[in-house]
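Report on the structure given below.
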Number of protein chains: 2
Amino acid sequence: MDPKNFLSLDSLLTDRVRLAIMATLCAAEEPLDFASLLDNLELSKGNLSSHMRKLDDAGLVSIKKEFVGRKPKTTYCATEAGRAELKRYLDVLSNLIKETRQ
Amino acid sequence: MDPKNFLSLDSLLTDRVRLAIMATLCAAEEPLDFASLLDNLELSKGNLSSHMRKLDDAGLVSIKKEFVGRKPKTTYCATEAGRAELKRYLDVLSNLIKETRQ
């Protein structure tokens, strides 16, 4: 892993907001709703929405919409592909750290 | 290190191009010239210049201009503050990785 390979890596998670979202979703024991994610990450609604849409389009998160009583409720969780992508990106970061510290 | 703290971290190295530049400079045994950095990182000249200026303004790199024969030569190296900042940022990343993998 030289820095050039690190820079040329193609992953949605090179954006640190998306990295933080995926880390939060993968660490959660259950699906999280939009308000919990907002609260966990202190992002604006528009910013979080736009990142969630990209993650969803790429299949890294799944979105579940349901009604709780009469209220619509939307929850998010990491998909298997999302967990795999997070692992892959953390492995790349670990390698960069290891080799830079040598 | 929860993801919120990761997102609120204030460091020039949250930009991954600058992280790669600092990793390259800190790993080098001697100062690097502009062409070597370009070659190591495969960046455009304008992109590299603009990042080097920011790193220089923040005191993370030092720039040495000299003449080799009649030709001007500019070399770059990481300052002590730059090495410390790289270490700090890598520590933060390590913590995020460790806690996300738990």
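Side notes on the structure shown:
- Checked against (1) out of contact with any Ser or Thr (no Cβ under 7 Å at 6 or more places or on another chain); (2) at pLDDT below 95, residue A:51 passes all but a single condition, namely (2).
- Taking residues in region B:78-93 that are within 16 Å of residue A:16 (Cβ to Cβ) and within 12 Å of chain A (Cβ to nearest Cβ), and partners anywhere that are in a helix (DSSP H, G or I) and charged (D, E, K, R), the pairs with Cβ atoms closer than 8 Å and at least 6 places apart or on different chains are B:90/A:101.
- Criterion: among the charged types (D, E, K, R), touching a helix residue (DSSP H, G or I) at 6+ places or on another chain (Cβ under 9 Å) and at pLDDT 90 or above - qualifying residue of A:4, A:71, A:87, A:64: A:87
- Selection within region A:48-102 - assigned to a helix (DSSP H, G or I), of a type outside the set (A, V, I, L, M) and buried (at least 16 other Cβ atoms within 10 Å of the Cβ): A:51, A:82, A:85, A:89, A:94, A:100
- Residues of region B:1-42 that turn out to be more than 8 Å from every other protein chain (Cβ to nearest Cβ) and part of a loop (DSSP other than H, G, I, E, B), as a count: 9
- Residues in region B:6-50 that are under 22 Å from residue A:11 (Cα atoms) and in contact (Cβ under 8 Å) with a residue 24 or more places away in the chain: 17 in all.
- Of all residues in region B:54-75, none satisfies being more than 9 Å from chain A (Cβ to nearest Cβ) and under 24 Å from residue A:11 (Cα atoms).
- Taken together, B:43, B:38, B:19 contain a single residue that is buried (at least 17 other Cβ atoms within 10 Å of the Cβ), of a type outside the set (Asp, Glu) and over 30 Å from residue A:48 (Cβ atoms), which is B:43.
The values are calculated or read from the model by the stated rules, or taken from the named source; none is laboratory data. Computed from a predicted model, the values in this text were never measured in an experiment. With ideal geometry, Cβ positions are generated from the backbone for all residues, glycine too; neighbour counts draw on all protein chains shown.
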